[in-house]
Amino acid sequence: MLKKVKDQIIKSSLFRSLRIRIFFILLIMGMIPSFITRTALLQNYEERAVNVKISEVSNQFKIIANHLLNYNYLQDASSEVINAELNQISNLYDGRVLIIDNNFKVIKDTYGISEGKTIISEEVLKCFKGENTTYYDNEDGFIEMTIPIVDSSNVKEDETPKIEGVLLSSISTDTIALTISILQRKAFVLEVLITISILVMSLATSHVLIKPFKKVTTAINEVKEGFTDEAISVPDYDETEHIVDAFNNVLRRMRTLDKSRQEFVSNVSHELKTPLTSMKVLADSLVMQEDVPVELYQEFMIDIAAEIDRENKIINDLLTLVKLDKTDGELNVEYVDINALLELLMKRLRPIARQQNIEVILESNRPVQAVVDEVKMTLALSNLVENAIKYNKQNGWVRVSLDADHQYFTVTIEDSGMGIPEEAMERIYERFYRVDKSHSREIGGTGLGLAITRNIILMHRGTIQVSSVETEGTTFVVKIPLTYSK
């Protein structure tokens, strides 16, 4: 039940506030030392007051003990002087005094209750053995102590004085309790004042400490509302600086994505419009001519069909990217023979390579079985090998290597092609981005292949790396876990 209440408190919006948490932490840190100090001071005073009381009464009783021997009181308890002295000290300390002789008989009780009775207690026995005892009962409010009545007259240096009797007293500590009560009231008032001061200071401090975070919130809201698009800066704390740096990085990323989105929309519009424009021109040409020859009609229809195929390929690639971009997109993973997958892939692409007299080589260093989506992995690797063939030189080569360790399998695609300029390396995975637009038009393609490949590899929790030297060739290294895990 308590745990449930605690969880509800923690989950409440009030307690989730950092300002409230700082306030309570400062308040508790201020009140606990105050409480400890008050308790320690009162306990120290009580201990000190009791010790002073014991010392004072002990000295008084030692004097009385000497008087008892001088007046031979233990044998004759009729001395008015001693009785008056005992009554006086009993009244002075609001206590009770008993005189006990060496036969454990009470010869004097200032309360007149136990006279003539025998009393044997642990404290009395210890006192007859020469050990003074003191006991403080703070609940009932009294100090009980024993003082030996020692006859040190006619005692030689090497002899132990004889204990003739014991003075047993019970002294009230009401005055100490009263003083402690007064001190407690004053301490309580002082503690209330300190608590109020700590409360005010905690509120002020929490407000000051949280202010930089409010600046961060205000600055972010200004960016969100569109009042500014500049990077924000709140260097008050290391924490706020880290938050601001993270936000600025996100802001820069969002700008880049927004720019990329605009370019993507522009490129999609252009790529989709180009085939339509070509088809429109070809169709208008046929419509405007009379008695069009069948040969020309067939030639134009072949061109229109090619443009339709091109349009269809762009749309299919875009749909593929949309499916891969979905966060809930799933892979149909199963154990796949990667060696067989690559051999089949190379078999399909070798006819394309022969058209440019390009040699395609497959090197498998070991048998590899991995848990992958066979269709998607085939598409990803096919795009890489097909690009290596398309963007190659006449009489060039493409080498595909397969290797594996205990965690990953690695596919390396090397070619002797035209290479990628260094300034274009960071953009090759952007949609519709082409390094050499004029040459790309001649080769064909949609400019979406590498974007699709990268998405598929990332879905498999893999990595893709590229290195290239312009005019010499390009190397892609794909690394995929042998076992898929979400």
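The values are calculated or read from the model by the stated rules, or taken from the named source; none is laboratory data. Bear in mind that the values here come from a model prediction, so they are computed numbers and not experimental data. Counting neighbours? That spans all protein chains shown, and the Cβs are built from the backbone with ideal geometry, glycine included.
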Can you tell me which residue among ILE194, ILE163, ILE176 is within 27 Å of LYS108 (Cα to Cα), surrounded by 15 or more Cβ atoms within 10 Å (Cβ to Cβ) and among the aliphatic types (A, V, I, L, M)?
ILE163
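Residues are listed down the side, and each one gets a yes or a no for (1) surrounded by 18 or more Cβ atoms within 10 Å (Cβ to Cβ); (2) more than 46 Å from the chain's Cα centre (by Cα):
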position: ALA353; (1), (2): yes, yes
position: GLN356; (1), (2): no, yes
position: GLU363; (1), (2): no, yes
position: VAL368; (1), (2): yes, no
position: ASP373; (1), (2): yes, no
position: LEU384; (1), (2): yes, no
position: ASN392; (1), (2): yes, yes
position: GLY396; (1), (2): yes, yes
position: ASP403; (1), (2): no, no
Matching residues in the range 329-344 - criterion: being within 48 Å of the chain's Cα centre (by Cα) and under 19 Å from THR410 (Cβ atoms)
VAL333, TYR335, VAL336, ASP337, ILE338, ASN339, ALA340, LEU341, LEU342
Do we find that ALA204 is touching a helix residue (DSSP H, G or I) at 6+ places or on another chain (Cβ under 6 Å), closer than 27 Å to ILE36 by Cβ and not charged (D, E, K, R) in this structure?
no
LEU69 being assigned to a helix (DSSP H, G or I) and modelled with pLDDT under 85:
yes
Hey, among the residues in the range 83-97 that are in a helix (DSSP H, G or I) and touching a strand residue (DSSP E or B) at 6+ places or on another chain (Cβ under 8 Å), which one's farthest from LEU168 (Cα to Cα)?
ASN83
Flag for LEU379 being part of a helix (DSSP H, G or I), modelled with pLDDT of 90 or more and more than 38 Å from the chain's Cα centre (by Cα)
no
Among residues belonging to the range 118-151 that are among the charged types (D, E, K, R) and either surrounded by 13 or more Cβ atoms within 10 Å (Cβ to Cβ) or touching a His at 6+ places or on another chain (Cβ under 6 Å) (or both), point out the one that is modelled with the highest pLDDT.
GLU144
Taking the stated definitions as given, is ALA219 closer than 22 Å to LEU42 by Cα and either surrounded by 14 or more Cβ atoms within 10 Å (Cβ to Cβ) or at pLDDT 85 or above (or both)?
no
In the list ILE352, ILE314, which residue meets the criterion of being outside the structural domain of ILE464 (by TED's automatic domain parsing), farther than 21 Å from ILE464 by Cβ and either at pLDDT below 90 or outside any loop (DSSP other than H, G, I, E, B) (or both)?
ILE314
If I filter the range 451-478 down to residues being free of Cβ contacts under 8 Å to residues at least 24 places away in the same chain and in contact with a helix residue (DSSP H, G or I) (Cβ under 8 Å, 6 or more places away or on another chain), which single residue comes out as surrounded by the most Cβ atoms within 10 Å (Cβ to Cβ)?
ILE464
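Residue under question is SER438, and the condition is that it be farther than 19 Å from ASN312 by Cα, modelled with pLDDT under 65, outside any loop (DSSP other than H, G, I, E, B) and not basic (Lys, Arg); does it hold? Outline the logic, then answer.
Working: farther than 19 Å from ASN312 by Cα: yes; modelled with pLDDT under 65: yes; outside any loop (DSSP other than H, G, I, E, B): yes; not basic (Lys, Arg): yes.
It is true that SER438 is farther than 19 Å from ASN312 by Cα, modelled with pLDDT under 65, outside any loop (DSSP other than H, G, I, E, B) and not basic (Lys, Arg).
Against the condition touching a residue at least 60 places away in the same chain (Cβ under 8 Å) and either outside any strand (DSSP E or B) or charged (D, E, K, R) (or both), how does ASN395 come out, does it pass?
Considered against the rule, which asks whether it is touching a residue at least 60 places away in the same chain (Cβ under 8 Å) and either outside any strand (DSSP E or B) or charged (D, E, K, R) (or both), ASN395 comes out as no.
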Within the range 401-425, residues of a type in the set (Gly, Ala, Ser), part of a strand (DSSP E or B) and farther than 17 Å from THR483 by Cβ come out as SER401
